[in-house]
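*Asks:* Below is a structure I'd like to ask you about.
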Amino acid sequence: MHEKYIMHVDMDAFYASIEQRDNPEYRNKPLIVGGKTRGVVSTCSYEARKFGVHSAMPIFEAKRKCPQGIFISPRGKVYAEVSRQIHAILQNYSPLVEMASIDEAYLDITGLENLFGTPLEIARALQDEIHTKTNGLTCSIGIAPIKFLAKIASDERKPHGIFMISYADMSGYLKELSIAKIPGVGKKFLEELKKLGMKKCADVLAIEKSFWEEKFGKAGIMLYERASGIDRREVEPYTERKSESAETTLDENVKDKAVLKKWLLVHAERVGTGLRKQNLKGRTINVKIKFADFKQITRQLTLESRTNATDTIYQNACLLLDEITLTKPVRLIGLGVSGFEEQSENKQLSLFSVLEEKEETKEYIEEKRNNLDAVLDELREKYGKSAVIRGKLFSKE
């Protein structure tokens, strides 16, 4: 019997590293990817991190901390292509590869010793192959018997490091592990735990499991099990997509709903195209608004039947926007579609019914929209995204 080991591969400063690879003038300089004026930091180079810049930080704060930084917008297509390249490399080492995000993945390497050597030898071979085939990108690797510890381990030796927690070492490592590092322990949960004097996993284990279950329910059970070294999650090679969404941080705060509806159409185009490429349809439409003071709200509705038609998504998103009172200017607007699972038709009337025309059935309207989308998708695939633009998006700007 082979001991079970899971590997977590985490690319180092992924977006920034690609930009520094492709643009020599950015190398060894503080580079921030995420936007030039607004939005949040997607990632940043290690040179920028020395100034306190980190992912998800507002751009204005990153500029305050690192005024000499180079601020650039992300190139999503390039990053996605490199991610696919890395995924292909990982699959050469294990049939069980789970892409957790565009720049990180889990591998189940149990029983691969006869093929590739020890877990540490596999990790070194992986690092070398990724570095060579991506022209210089590096990754950090964590190895552990369970999933969440493998992820924590990949942070121990960043960048371009390897850290392994063996079965023999796991108990001792867990005792000293800060509860703040346990996935699922968010800020509010951590505050409650600190009030109880909890700092390390050993503190959690000093109290019986029944206490945690009674006080925090499922979250308490999860906490106790993680502190005990229990994580039943397996590496899943494929996880069904649960939603498709798009959002934009606006260059200037906006209070005009006509302008915001144009952005909803832009997002509906992007989301609808993405759904059609994946042969997915959803029943839930949601709109996300972030105001100038960073307060955020979401609104959603459920359709009677699933859709991936751009106009259907757009018009229902507009109905949601119309219901929102804009007391303050908007800095970010987003649109999403979810509810892909097949279900029986919902008998409850949705807002979509408002859109029905007396002389045409809803099914006929949807069919016309699907036919139009199919033609637009084909033209854009052949001639590029800007080959065909909907009239509502035309403006001097």
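*Asks:* Each label point is 7 Å from the Cα along the Cα-to-Cβ direction; what then is the distance between the points at His2 and Glu363, in nm?
*Replies:* Here the modelled spin labels are 5.3 nm apart.
*Asks:* I've got another one for you. Using 1/(1 + (r/R0)^6) with R0 = 35 angstrom and r between the beta carbons of Ile207 and Arg21, what's the FRET efficiency to the nearest 0.05?
*Replies:* So, using R0 = 35 Å, E works out to roughly 0.10.
*Asks:* Length gain on complete extension for the stretch Lys199 to Ser55, per 0.36 nm per residue less the alpha carbon to alpha carbon distance? Before the final figure, lay out each step's value.
*Replies:* Numbers: separation 144, 0.36 × 144 = 51.84 nm, distance 2.49 nm.
Length difference between fully extended and current span is 49.3 nm.
*Asks:* Something else about it: Specify which labelled value, from (i) 72, 56, 46; (ii) 57, 52, 41; (iii) 68, 46, 42, agrees with Cα extents along the principal axes in Å derived from the coordinates of the model shown.
*Replies:* Among (i) 72, 56, 46; (ii) 57, 52, 41; (iii) 68, 46, 42, the one calculated here is (i).
*Asks:* So for the pair Glu234, Glu378, with labels modelled 7 Å out along Cα→Cβ, what separation do we get in nm?
*Replies:* 4.2
*Asks:* Inverting the mean 1/r over all pairs of different Cα atoms, compute the Kirkwood radius of region 226-305 and quote it in Å.
*Replies:* For region 226-305, the Kirkwood estimate is 15.8 Å.
*Asks:* Tell me the accessible surface of Thr325 in square angstrom (1.4 angstrom probe, heavy atoms of protein chains only), to the nearest ten.
*Replies:* 110
*Asks:* Hey, any idea what % of the chain's accessible area is carbon plus sulfur with a 1.4 Å probe?
*Replies:* 50
*Asks:* Counting heavy atoms of the protein chains only and a 1.4 Å probe, report the per residue accessible area for the chain as a whole number of Å².
*Replies:* Spelled out: the 1.4 Å probe surface of the chain, per residue, equals 54 Å².
*Asks:* Over the chain, what is the relative contact order in percent, taking alpha-carbon pairs closer than 8 angstrom and at least six residues apart?
*Replies:* 12
*Asks:* Show Tyr383, Tyr173, Tyr314 ordered by accessible area, largest first, where the area counts protein heavy atoms only and the probe is 1.4 Å. Don't skip to the end; give the middle numbers.
*Replies:* Details: Tyr383 150, Tyr173 45, Tyr314 25 Å².
Descending order: Tyr383, Tyr173, Tyr314.
*Asks:* What accessible area, in Å² to the nearest ten, does a 1.4 Å probe give for Val259?
*Replies:* We get 60 Å² for Val259.
*Asks:* How much length is gained on full extension from Lys242 to Glu304, taking 0.36 nm per residue of separation minus their Cα-Cα distance?
*Replies:* So the chain would gain 20.5 nm between Lys242 and Glu304.
*Asks:* Enumerate the helices in the chain for which the Kyte-Doolittle hydropathy averages -1.0 or more and the C-alpha atoms extend at least 24 Å along the helix's axis, using complete DSSP H runs.
*Replies:* In the chain, the long hydrophobic H runs are 257-277.
*Asks:* Rounded to the nearest 500, what is the chain's calculated 222 nm mean residue ellipticity when only DSSP H runs of at least 4 contribute -39500 (n - 2.57) each, over all residues?
*Replies:* After summing the helix terms and dividing by the residues of the chain, the value is -12500 deg cm²/dmol.
*Asks:* Between Thr118 and Gln91, what is the FRET efficiency for a Förster distance of 22 Å, r being their Cβ-Cβ separation, to the nearest 0.05? Present the calculation step by step, with values, prior to reporting the outcome.
*Replies:* Numbers: r = 20 Å, r/R0 = 0.92.
Step by step, r from the Cβ atoms, then E = 0.60.
*Asks:* Subtracting the Cα-Cα distance from 0.36 nm times the residue separation, let me have the gained length for Lys133 to Glu191 in nm, one decimal.
*Replies:* Extra length available between Lys133 and Glu191 comes to 16.5 nm.
The values are calculated or read from the model by the stated rules, or taken from the named source; none is laboratory data. The structure presented is a predicted model; accordingly, all values stated were derived computationally and were not measured. Positions of Cβ are generated from backbone atoms using ideal geometry, with glycine treated the same way; all protein chains shown enter the neighbour counts. Accessible surface areas use protein heavy atoms only, side chains included; no ligands, DNA or RNA. Shrake-Rupley method; radii C 1.70, N 1.55, O 1.52, S 1.80 Å.
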